[in-house]
Each structure stands twice: as structure tokens, then as C-alpha cells.
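What follows is a short report on a single structure.
Taken together, the values in this text are just the output of simple stated rules run on the coordinates, not laboratory data. It should be emphasised that the depicted structure is a prediction, and the values quoted were computed from it without experimental measurement. Methodologically, a virtual Cβ is constructed for each residue, glycine included, from the backbone with ideal geometry; neighbour enumeration extends over all protein chains shown.
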């Protein structure tokens with residue numbers, strides 16, 4: 001694709017230059033610039049961009065705004081714009097509401113507050129220049145350890161130009177039902193409402209209108225009626241932090257926003273006072289207000305442990321392992337469970353053969369953004385997400401032995417791409433997917449199939465009975481081309497393309513012996529969906545597909561924790577394990593498992609039952 005920058009410089013954009021694909025545009029990296037190209041350029045977008053640039057606005061440095069217009073190769077049509085290229089490995093703000101991310105990245109409540117306080121000057125400057133963010137949500141702002149960057153500035157509302165969309169979960173309920181694309185509808189107070197939602201979500205890990213209500217089921221309905229997650233009658237999500245980690249004063253501010261409907265600038269002095277009040281718990285290293293007599297998170301955890309029975313009617317549970325820190329990775333290889341955990345500043349490994357003793361091995365100093373793979377008696381470490389280097393170690397009862405270093409490709413946008421089955425390491429080298437086995441301390445490998453450099457993601461069946469299956473996608477400009485490699489060869493998998501304006505937010509793949517299920521979270525027009533596709537491995541054909549509103553399918557809120565087996569999905573939920581027959585669209589809740597399972601858990605088949613992997617422990621659950 002050839003484009004003209006500022007009507008002067010002709011450049012060529014290749015598939016390998018793609019950084020990200022959204023519902024409305026494709027983002028490219030070219031030299032030191034980011035280039036946003038609309039999928040459907042329109043005259044209204046062009047007018048808005050030209051007016052924006054003519055105003056010569058000087059936003060703060062953390063606002064990534066348009067710099068130059070981009071035209072088609074003939075210089076006749078405006079199709080996008082250039083902007084600064086941001087650092088790699090930034091995270092969307094929504095990651096702060098993930099307990100796993102917070103623990104693995106050492107992101108305490110104190111750091112969260114510092115980040116949100118740093119946003120005040122930027123938001124104030126945006127408003128002072130006559131702009132409103134509008135769609136302020138967990139994906140439109142990116143952050144590093146101490147800084148927040150504001151993106152998608154071309155959608156901001158200013159003058160006669162509306163912000164055309166608002167994401168349901170963050171949108172002020174006062175704007176529900178409006179066609180936001182028709183005229184300017186947002187005010188600065190709506191941005192501060194979205195800020196309050198993001199802050200509440202980031203501190204407590206639950207949405208202010210989340211939880212379960214016996215009658216009012218949908219989050220948007222509860223938002224309209226101001227039924228908050230803290231109201232009597234609402235079941236508070238198990239994943240959430242105790243509200244006691246807030247000061248009474250900050251809790252009152254949230255109450256004004258979400259219960260009383262007050263709007264205005266979020267009181268900065270209350271955040272500063274809250275930050276000043278925090279002290280670190282010597283036991284769990286969380287932060288809480290010093291006026292509390294005890295750490296609310298330790299208290300909640302101890303109560304949960306006291307309540308945890310060893311069995312209820314029709315259900316038995318056994319604690320397999322527990323760490324005083326945070327689990328980073330759990331993997332079942334054969335009949336042995338391997339668990340990597342972060343304990344203080346060190347990575348440790350627990351191993352537990354079925355019927356055997358639990359053993360612990362101290363490994364190495366922990367770093368942020370590490371990722372891991374496990375092959376029988378070998379550990380593969382990516383020291384930093386977004387780096388090509390892979391470190392390979394041999395595991396034995398005496399400890400860890402470094403073997404060699406190798407590498408893989410990094411997907412544009414900053415994700416290191418590799419996968420492990422029980423026996424093999426899969427990596428990408430010079431556009432070729434390689435399959436390697438470790439023999440005599442060396443990597444012996446062969447090519448599997450060609451792929452697109454920097455635009456390929458894949459996974460592999462972890463515990464196959466027969467031949468292993470590779471499943472993944474090639475990102476070709478704005479399209480995702482899904483593929484499968486099995487014992488018969490390589491096949492194109494005709495997964496339904498995303499609709500116009502639909503963006504891929506997250507995805508997960510679960511394997512069974514003869515099929516797999518692909519789960520995709522998407523967003524279109526501010527509404528979140530989940531797409532469910534069942535793929536037959538022998539033929540690589542999609543045999544079932546469905547698209548659901550996420551608000552109407554809450555079992556898919558966590559799309560990474562399921563167990564899948566030939567048309568059946570087991571979901572971890574706060575109500576217990578839910579069995580879904582996907583083709584029949586029927587669900588059965590095993591209420592006897594409620595005491596042992598949370599929505600944020602991961603389920604793994606094991607023996608006659610399931611492993612339930614929690615943030616700090618693994619349980620073995622059997623029924624019947």
C-alpha cells in the first residue's frame with residue numbers, strides 16, 4: 001500500500017509494518033512514526049482532521065495527537081494521519097483491574113493512585129482547549145510504570161464534531177440511548193465519570209455496577225437504576241478486593257458518583273489524602289489505609305480459608321499446593337504438576353507428581369513481564385515480554401542448570417511469540433515456524449510451516465493423545481487469517497471475519513482430543529461481544545459458531561479459565577462450575593462447587609476431576 005504523507009512524501013506500507021488492528025483503522029509503524037489508516041475513510045473524518053490540525057493545539061506530551069495528514073497514493077483522498085510512535089510493551093489501563101497482572105507486575109494500589117494522579121494535568125489541558133475525550137475507557141489509554149498516554153485523539157469531541165461512540169461499561173448512564181454520532185453530546189463531567197469508573201475498577205478490581213443482583217441482571221440496567229456493587233442484595237464478586245482498602249472519605253466520593261448521580265471533577269485532594277494514608281502490610285505487602293486496624297486483604301483471605309470446607313455434598317477438595325506469593329504459571333506435563341511462583345523477589349518452582357510429594361526449587365531473581373514455557377525437565381524463559389531472547393534451563397532435583405540461549409520473533413506491538421507442548425518448543429525464525437526437541441543439551445529442530453514475520457501468533461495443543469496441533473493466525477493488514485497445522489498438513493481455518501467496525505479485544509484457544517474451541521472477545525459500537533467457534537481438528541472446519549453479547553453471557557467474562565472437551569465447556573464462575581453444551585446452548589450450574597471456584601480461576605483436567613488454579617494455590621476438585 002502506497003500513501004502520501006502531508007501531500008509530499010510517498011511511502012510504502014507493508015504487512016510487516018502493522019502494529020495493531022482496530023475496528024475503524026489499522027495502525028502501522030514506519031521509521032519513527034505511527035501511521036493510522038482508516039478502513040473506511042470518509043469526508044466527515046477528513047474535515048474533522050483538517051480542522052483539528054488547523055487549530056495547532058499544543059496538548060501535553062502524553063496526548064498522542066495527529067501530526068500530518070495521510071493521503072492515498074494519488075494525493076486526492078485523506079485516509080489517515082501520522083503521530084508519534086509510542087514505546088513498546090505499553091499496557092491498556094484495563095490491565096490494572098486484573099489481579100494476575102497486578103501481582104506479576106508489582107503494581108500496588110499506591111502505584112495505581114500515582115498513575116491516576118498523573119492524569120489530572122493531561123485531562124485538564126484537554127478540557128481547557130475545548131476538547132472532550134468522550135470514549136474514555138480501559139483500552140484508549142496506555143500506561144507504563146509511571147506514565148499514561150492518551151490515544152485515539154481523532155475521536156475526541158470538539159467544536160461541531162462529536163465523539164461518535166462510547167464504551168458501555170464506562171459511559172455515563174445519562175448518555176445511554178443517544179446516537180452519539182449525530183451531534184456533540186459529551187461534556188467534561190462525562191469524562192470525569194469515566195475516570196471514576198476506571199479508578200474504582202483499578203482499586204477494587206470490580207466494576208461499580210458489577211456483581212450479581214437477583215432481579216436486575218445487566219450491568220447497564222443496574223447503572224440506570226444506580227444499583228451499585230456495594231448495595232445490599234448485590235453479590236460482590238469473589239475476585240474483588242475488600243472495599244475496606246478505601247478510606248471512608250474516598251468511598252463517599254464514589255458513593256456520590258455512582259449512587260447519588262453527582263457529576264464534576266473527581267476531587268484530587270481526596271486521592272492525594274488517600275495516597276498519604278496508605279501503609280504496606282508486612283504480611284501480604286498490599287497497601288491499605290493506616291486507620292484500619294488490620295490489613296483488609298489479609299482479613300478477607302483468612303476468612304475465606306476458614307470457610308473453605310474439605311467437602312460439601314457431592315464435592316470433595318484437596319489442596320495440592322500453596323504459595324505465600326503469586327502463581328505465575330501452572331502446567332501439567334504427564335501426571336506431574338509444575339507451578340512457577342513469585343515469592344518476594346524470587347521465582348520458585350513447585351513440582352507435584354500425582355500421588356507424590358510436593359517439592360520446591362528456588363530458581364532466580366524475578367523480573368517484571370517474564371513469560372515461561374515448560375517441557376519435560378526443561379524450563380524456557382522469556383526474560384522480558386517484547387524481547388526476542390529465550391533462555392533454556394535443565395530442571396533436576398538439585399536445581400536449575402543453564403543450557404543455552406535461543407530466540408524467537410516478537411509480534412509487532414511487543415509480544416514474544418513461542419509455545420510449548422509436553423515435548424517440543426515452537427518458535428519463529430526468519431519467517432519459519434520451527435519445532436524443536438532438546439537432546440543432549442541442544443535444540444534439535446525442523447521447520448513446520450512458513451509464517452508472516454512480526455504478524456503471526458500461534459499456540460499448540462498442550463497434552464495431545466496423538467499428533468500435536470498448531471493453531472494460530474497471520475495478521476494481513478486489517479484481516480486475521482487463521483490456520484491449523486496437524487498431522488495431515490497445513491490448513492486455512494475459515495473463522496468468521498469480524499464485522500465492519502468490530503475490534504478484537506482478547507482471545508483464547510482450548511483443545512480437546514478431536515476439536516478445539518476459539519473464544520474471541522470483541523467490541524463494536526461500545527458494546528462487548530464474545531464469539532465462540534468450534535473447529536474440528538481432522539478437517540480444520542468450523543462446525544459451530546455463535547456471537548453473543550457479553551453482558552448476556554457472563555460465563556465468558558473470563559475467557560482464559562475454561563476446560564473444553566468435544567463440545568462441552570466448563571466455566572469457572574462465582575456461582576460454581578457451569579457446564580455448557582455449546583451446540584445446544586444449554587448451561588448447568590454445579591452449585592456444590594461454589595465454595596471452591598471463582599470467576600477468575602483456571603480449570604485443568606486432572607485424574608478423575610479438575611485442578612482449580614487460583615492466584616496463590618491449586619485445589620484438586622472431584623465430584624460424585
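When the alpha carbon gyration tensor of the chain is reduced to an equivalent ellipsoid, the three semi-axes, largest first, read 38, 33, 24 Å. Under 14 Å from a label point set 7 Å out along the Cα-to-Cβ vector of residue 16, the amide N atoms of the stretch 403-428 belong to 409-412. Students often get this wrong: which residues of the stretch 263-278 have the backbone nitrogen under 11 Å from the point 7 angstrom along Cα-to-C-beta of residue 290? So the set is 276-278. Footprinting exposure proxy ranking of 396, 575, fewest other C-beta atoms within 10 angstrom first, gives 396, 575. Entry for the stretch 172-310 at q = 0.10 Å⁻¹: log10 I(q)/I(0) = -0.40, Debye formula applied to identical alpha-carbon scatterers, no solvent contribution.
One equal scatterer on each Cα of the stretch 429-513, no solvent, Debye formula: the resulting log10 I(q)/I(0) at q = 0.11, 0.17, 0.25 Å⁻¹ is -0.37, -0.82, -1.41. In this simple spin-label model, placing a label point 7 Å from the Cα along the Cα-to-Cβ direction at both residue 362 and residue 488 gives a separation of 5.3 nm.
Working value for the stretch 412-474: equivalent-ellipsoid semi-axes of 20, 14, 10 Å, each the square root of 5 times a Cα gyration tensor eigenvalue, largest first. Ordered by the number of other Cβ atoms lying within 10 Å of each residue's own Cβ, fewest first, 262, 457 fall into the sequence 262, 457.
Note: relative contact order over the stretch 469-608, using C-alpha pairs below 8 Å and six or more positions apart, is 14 percent. The stretch between residue 106 and residue 235, if pulled fully straight at 0.36 nm per residue, gains 43.6 nm over its current Cα-Cα span. Under the criterion of Cα pairs below 8 Å and six or more residues apart, the relative contact order for the stretch 2-84 equals 34 percent. Among 480, 193, the ranking by other beta carbons within 10 Å of each residue's beta carbon, starting with the fewest, stands as 480, 193. Whole-percent P(r), the stretch 327-370, all Cα pairs, 10 Å bins from 0: 29, 51, 18, 1. Across the stretch 2-84, the volume of the C-alpha convex hull divided among the residues equals 100 Å³ per residue. Distance between the pseudo-spin-label points of residue 99 and residue 444 (7 Å out from Cα toward the beta carbon): 4.5 nm.
Can you list the residues of the stretch 351-376 with backbone N under 12 Å from a point 7 Å past the Cα of residue 343, pointing along Cα to Cβ? Hits in the stretch 351-376 for residue 343 at 12 Å: 351, 359-364. Would you please give the FRET efficiency between residue 377 and residue 429, computed as 1/(1 + (r/R0)^6) with r the Cβ-Cβ distance and R0 = 25 Å, to the nearest 0.05? Here the calculated transfer efficiency is 0.60.
Need the full-extension length gain, residue 124 to residue 215, defined as separation in residues times 0.36 nm minus the C-alpha distance. One decimal, nm.
Taking residue 124 through residue 215 to full extension adds about 28.8 nm, to one decimal.
The convex hull built on the alpha-carbon positions of the stretch 280-399 has an orientation-averaged projected area of 10.3 nm². Calculated FRET efficiency, residue 252 to residue 279, Cβ-Cβ distance, R0 = 22 Å: about 0.60 to the nearest 0.05. The distance between label points at residue 388 and residue 369 comes to 1.7 nm (points 7 Å beyond Cα on the Cα→Cβ vector). If you plug the beta carbon distance of residue 354 and residue 496 into 1/(1 + (r/R0)^6) with R0 = 51 Å, you get a FRET efficiency near 0.80.
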